[in-house]
Structure formats: structure tokens, C-alpha cells
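Engineer: The following block contains the structure, expressed as C-alpha cells.
No value in this document is a laboratory result; all are computed from the given coordinates. Everything numeric here is computed off the predicted structure, so don't read it as measured data. Note that we place each Cβ from the backbone using ideal geometry, even for glycine, and neighbour counts take in every protein chain shown.
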Number of protein chains: 2
Amino acid sequence: MNLSVVGSVGLDDVETPFGKVELALGGSASYFSLAASFFGRVGFVGIVGDDFPESSVELLRNHDVDVRGLQRVAGKTFRWAGRYGYDLNQRDTLLTELNVFEHFRPELPEDYAAAPYLFLANIHPSLQSHVLDQAHGAKFVAMDTMNFWIEGALEDLKKVLARVDCIVLNDSEARQLAKTPNVITAAKTISAMGPRLVVVKRGEHGAFLYSEGNFFFVPAFPLEQVVDPTGAGDCFAGGFMGLIAASGDTSWPTLCHAVVAGSALASFSVENFSVDRFRSLTQGEIQDRIAAFEAMTAFPTRA
Amino acid sequence: MNLSVVGSVGLDDVETPFGKVELALGGSASYFSLAASFFGRVGFVGIVGDDFPESSVELLRNHDVDVRGLQRVAGKTFRWAGRYGYDLNQRDTLLTELNVFEHFRPELPEDYAAAPYLFLANIHPSLQSHVLDQAHGAKFVAMDTMNFWIEGALEDLKKVLARVDCIVLNDSEARQLAKTPNVITAAKTISAMGPRLVVVKRGEHGAFLYSEGNFFFVPAFPLEQVVDPTGAGDCFAGGFMGLIAASGDTSWPTLCHAVVAGSALASFSVENFSVDRFRSLTQGEIQDRIAAFEAMTAFPTRA
């Protein structure tokens, strides 16, 4: 295995102004691994209950996601329900039921533990540490987190931060973690906590990479209709890590390319509900979108 | 004259967490013309009272701003006072006194009217039309506006929009004018109202140019300390129009370059109060910052 991911798997009910879905595949590891799968095989670690549909397992398998790390236990799968208004930056959480996820104890199959690239999706930082303890082959580790852990498990979170190469988080989380309103200062402050690389996601405003005094900025793809923003951040991380793992290096040009790949995968993800856009997505569409990003940001050389 | 601007001139009191100034030079035409002056001579049209300090006129003259279009009349100069908190995107207006600006009737000296490049800064749209009626030599006209005119003078505003080549406005104004929450849809809608080019400023998130299906995005320069954001949008417009006027063409590469120049001038402007940063700004600093923008956005070519 080249790339492994550990995170949540859920069944989501999502309602937006453009429709709704029920019991749709969700969770950070699901979005991440499907996005990353367009760049290569992904080792998937998560937990589901006996209500988890076989069709979702098939979907992952069909995208070359290795599900040997998927624990299936008695009980109900993690459930989440949310509703978005026309301002897709705001959402109401209607339901959160941890169910079997509450007792998740991630265990990496040996070949996952030997993988050089590892992504710690948004789970309790103490579980992220538990995964790191197993990942003896990891040479490049990235992590995500959320406001809940920044508020409730900061000391555990700081221990993980000190051990990873990269953190991918959104701008409000970055400001909260660094205790500053300035997102540039926040990126520098977080990098000083451990990760050499800090990737800040800014939703409709794009994302930027910070490392050792250098910045790389990419806009969000200009979409006129966002159908469902759920999972966009996880898909960003999936495209980002997928490209790095496939490239096999972490030089600055590859990292910048990975930020663009992440932006591209995130932009596809929001074009349909749940992970549905990935059912039809092609390599050609991904390459075209990356080229479109280039055209939209290419620095002008005076004619 | 190659480039003319018509707009407000004021004396501002500004307070931010980093200090305050009183009776400092402000107004859209002041910020615009000083920023544009780094690219060439600017013909300045505005109105001030007999309290306007000679030192401010000298500052403009020293920057090769032509002030023959500056009307000096009896009475008090336009006054504005505002206060910013740590969130520099929010400000409280403490005072607005139109004074002599209330009866401003812009008149272009003949050589200003013959200028090929014209910027209509934020004044009543009927005055913008009055300027356009005089500008017989204009071959590229850009305009600004604000929420106040969108709400209170929409029909007049639409008449101006139908006559200009370009509008430069911020994202909230774009959404309001186009009546849509989506800023991409807003840009397209506004372009359909007349201007071939729409430039949307997004504060700390940068700016983008839209024209005929094409986009160009640039981030804001990553500043850790913004001292005073007043006038940043006008400085953006000044750098943008200044570069276009100096280039003498409006091809896509020049327009993109102009967006970067605007972003650079805006980023300098906010580093100090009022127009003070321009007192010491050098051509070398501008070129270095434009090069820094290039480095931060250069699309990665895989190593």
C-alpha cells in the first residue's frame, strides 16, 4: 500500500435548496478515499455497523479502495443529518449519532502500516496518535482536525501536531487553533507547533499552502451552482494526498500541484450530492479542470 | 493627458487597533490618483473647500498628479470619520459631512476630456454620466459604485453601466447589484448589463477579473498586519488603470497584469494610515511585490 487513510464513515441525510438525499454514503474517510483513488490505490480504515449497505462497499472497491481495514461490527453506522440554505457556507446539523463510531479503535493492516503516505482524517486526536504509533512505514503524514477537538482535546491535538508533516484545515479552524484573526499569522503559528506544511482551505475563496516562509495560493473553481458542499474539504485532502502519493515526492512544485489537484477534486465533489459525482468522474475531466485552474491563474506575461 | 479620474476628496479621521489619524487626506480620487501615479501622469478632478491643506495639494503635485481639475471653493471639505476593530472587514462610520462635495459638478479640462483612459470613481451615477458626456477622447472607461447608489439610484446607475468598458466593485456590491448570492453568477450578470470587463474585489481574499467567459484570479498579498484598510479598493483601481493606461492596450495579458498591479498597490496602501505609504513607496518595491505575486501563484510544473 502506498497511501492509507483513517477516518469516519457515515450514512448522511443532506438537504440543500437543490434537493435532498437520505442514508447516503458520507464520512471523512469515504470522501477522502474516493477522491484519492483517482491517483492510485488507497488503504481505508474505518468502522461501520451491520446496517451499512453492501452497495457502498462495492462503490469503494470499484474505485480501487482497499477495504480490508474497514471494521464491520454489530450495531448502527455513524449517522449525520444536515441542512444547507442558499448561503452554502452555513449549515444546520439536525442529527449526530455516533453509534459504532463511538468505540472506534483504528487498527492498520500490516501493509497499510508500512505505507509511506498516511492521512489522519478528522477523528479524536488520541486516535490519530494511536494510528501514528502503528504507522512504522510513514514518511509523509498529513492530518485534519475540527473546532470540536481544538476546544475539547487541545493537549492531545498538540501532541499529534508535533508528529506530522502537514495539516490541512479550514480558515476558521486555523484562526481558532492559532488564536489570531489573521489567517496568515495563523498559518505561521500552526507551522511552529510542528507541521512543516500548513494548508488552509477557504471554501469559495480557495486554499493556500504555507511552508517555511513560502506561500502558494489557488482560487476555488468558479462554480455557479454548488449542489452539496458536504465533504468538499475531505475531497480536497484526498486529491492533495493522492497526487503526492502518486508522485512519490514532496518537493515544492509537487506540493503546489497537489493543492491544485485537491481544489479540482473538491470542486467536482460539490457538483452533486454525497459522493455521487465520483461515480461518473473521469481522468480526462480531472486533467481538463487542472488545466482550467492553470488558465485562470497563469501570471500574465506582457504581450 | 493619458488617464483622468473623477471622484471624491476628503479629510478623514480614522481609528484602528493600531493607531489613529485626524484630518488625513482621503477620498476615492486621492487614493486612486496617488496609486495610479506610479505608472504615469494622472488628471485629477475633485472638489475641496478653503480648509483643504496646501500640503495635500503639494503631495499630489509631487507625485505628478495634475490638479488643474481640482475645484477649490468656499466652505468645508468633505469629511469622513470611521473606526475599525480587529476584524478589519467591519467598520463603523462615525461621521459623514458632504460639505462642498454636495454641490460637486465635475468639469474636465479639455486635455483631460481628450484622455483615452478614464476612471469614474464612486460618485453619484448621474455625475458619472455627466463626466462621460464630456470625455470625448475616452476609449477605455472603468467605473466604481457603492451600495448606496445600487439602493438609491439604480436607474441612473444602469445608464452608466451601459456606457462603460469595465466596472471595478467589491463582492458584496456585486451580489447586491446582480441580486444573487453567487459571486460568479453576479459577475456574468453585471457584464450583461454593459461592461465587457468586471473586476470583483474580495478584500483579504483577493480579486478576480471576468470577461466573456474567461476568469483571472489573484490572491490578496499575505499581510500579517493591516494598519488601515481605508482606500484599498480605490488604490486597487488606481494600480489597475494606471498599468493599463501606461501599457496603452487592453489585451487579456495586460488586463491580468493590471489586476496584479492593482492588488500590489492596494496591499501597500493598507500598510499605513491614509495615503502615507505612498510617500515612501518606490518603483523597485512595486516590481518586487508583483514578482512576489507571481511566485505565490505560479502554476506548478512538475519537477
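Engineer: Assuming B:ALA35 fulfils every condition listed in (1) surrounded by fewer than 17 Cβ atoms within 10 Å (Cβ to Cβ); (2) under 15 Å from B:VAL270 (Cα atoms); (3) not β-branched (Val, Ile, Thr) apart from one, which condition is it?
Structural biologist: (1)
Engineer: Here's another thing I want to ask about it. Given the conditions (1) among the basic types (Lys, Arg); (2) more than 14 Å from every other protein chain (Cβ to nearest Cβ); (3) under 28 Å from A:ALA246 (Cα atoms), and given that A:LYS201 satisfies all but one, which numbered condition is not satisfied?
Structural biologist: Exception for A:LYS201: condition (2).
Engineer: Please find, within the range A:239-255, the residue that is nearest to B:PHE216 (Cα to Cα) out of those that are more than 10 Å from chain B (Cβ to nearest Cβ) and touching a strand residue (DSSP E or B) at 6+ places or on another chain (Cβ under 8 Å).
Structural biologist: First, the residues of the range A:239-255 that are more than 10 Å from chain B (Cβ to nearest Cβ): A:239-242, A:244-246, A:248, A:250.
In the following step, the residues that additionally are touching a strand residue (DSSP E or B) at 6+ places or on another chain (Cβ under 8 Å) were identified as A:240-242, A:244-245, A:250.
On the way: A:PHE240: 23, A:MET241: 26, A:GLY242: 27, A:ILE244: 26, A:ALA245: 30, A:THR250: 28 Å.
Applying the filter and picking the extreme gives A:PHE240.
Engineer: Please note which helices (runs of 4 or more DSSP H) are completely contained in the range B:79-177 and include at least 2 residues that are aromatic (Phe, Trp, Tyr). Break it down stepwise before answering.
Structural biologist: On the way: elements: B:110-113, B:125-134, B:147-152, B:154-161.
So the answer is B:147-152.
Engineer: Determine if the range A:3-12 includes at least one residue that is of a type outside the set (Asp, Glu) and closer than 30 Å to B:ASN182 by Cα.
Structural biologist: Residues of the range A:3-12 of a type outside the set (Asp, Glu): A:3-11.
Restricting the remaining residues to those that are closer than 30 Å to B:ASN182 by Cα gives A:10-11.
Scanning the range A:3-12, I find at least one residue that is of a type outside the set (Asp, Glu) and closer than 30 Å to B:ASN182 by Cα, so the answer is yes.
Engineer: Something else now. Just the residues that are more than 7 Å from chain A (Cβ to nearest Cβ) and more than 21 Å from B:ALA36 (Cβ to Cβ), please, taken from the range B:212-222. Please lay out each step first, then the result.
Structural biologist: Of the residues in the range B:212-222, the ones more than 7 Å from chain A (Cβ to nearest Cβ) are B:212-214, B:218, B:220-221.
Result: B:GLU212, B:GLY213, B:ASN214.
Engineer: What about A:SER267, is it at positive phi and small (Gly, Ala, Ser)? If you could, list the steps in order and put the result at the bottom.
Structural biologist: Details: at positive phi: no; small (Gly, Ala, Ser): yes.
Taking the combined requirement at face value, the residue does not satisfy it.
Engineer: Looking at the range B:249-273 only, could you name the residues that are closer than 18 Å to B:GLU15 by Cα and over 14 Å from the mean Cα position of the chain (by Cα)?
Structural biologist: Initial filter on the range B:249-273 (closer than 18 Å to B:GLU15 by Cα): B:269-273.
B:GLU271, B:ASN272, B:PHE273 - these are the residues of the range B:249-273 that are closer than 18 Å to B:GLU15 by Cα and over 14 Å from the mean Cα position of the chain (by Cα).
Engineer: Another question, if that's okay. For B:ALA178, are the conditions met, namely being within 14 Å of chain A (Cβ to nearest Cβ) and within 19 Å of the chain's Cα centre (by Cα)?
Structural biologist: Working: within 14 Å of chain A (Cβ to nearest Cβ): yes; within 19 Å of the chain's Cα centre (by Cα): no.
Taking the combined requirement at face value, the residue does not satisfy it.
Engineer: Follow-up. Out of the range A:8-38, which residues are within 18 Å of the chain's Cα centre (by Cα) and on the phi > 0 side of the Ramachandran plot? Spell out how you get there, then give the answer.
Structural biologist: Here is the first cut: in the range A:8-38, the ones within 18 Å of the chain's Cα centre (by Cα) are A:8-12, A:24-38.
Across the range A:8-38, the qualifying residue is only A:GLY27.
Engineer: If I go through the range B:1-49 residue by residue, how many of them are part of a loop (DSSP other than H, G, I, E, B), touching a strand residue (DSSP E or B) at 6+ places or on another chain (Cβ under 7 Å) and either β-branched (Val, Ile, Thr) or under 20 Å from B:LYS76 (Cβ atoms) (or both)?
Structural biologist: Count: 4.
Engineer: Where the second residue is part of a helix (DSSP H, G or I) and surrounded by 11 or more Cβ atoms within 10 Å (Cβ to Cβ) and the first is in contact (Cβ under 8 Å) with a residue 24 or more places away in the chain and basic (Lys, Arg) and lies in the range A:279-297, which pairs have Cβ atoms under 7 Å and are six or more apart or on separate chains?
Structural biologist: Short answer, once both residue conditions are applied: A:ARG289/A:ALA264; A:ARG289/A:SER267.
Engineer: Among the residues of the range B:260-273, are any within 10 Å of chain A (Cβ to nearest Cβ), over 30 Å from A:ASP249 (Cα atoms), of a type outside the set (S, T, N, Q) and in contact with a strand residue (DSSP E or B) (Cβ under 8 Å, 6 or more places away or on another chain)?
Structural biologist: yes
Engineer: While we're looking at this one, here's another question. For A:LEU108, all conditions in the list (1) of a type outside the set (Gly, Ala, Ser); (2) within 20 Å of the chain's Cα centre (by Cα); (3) surrounded by fewer than 22 Cβ atoms within 10 Å (Cβ to Cβ) hold save one; what is the number of the exception?
Structural biologist: Evaluating A:LEU108 over (1) of a type outside the set (Gly, Ala, Ser); (2) within 20 Å of the chain's Cα centre (by Cα); (3) surrounded by fewer than 22 Cβ atoms within 10 Å (Cβ to Cβ) leaves (3) as the failure.
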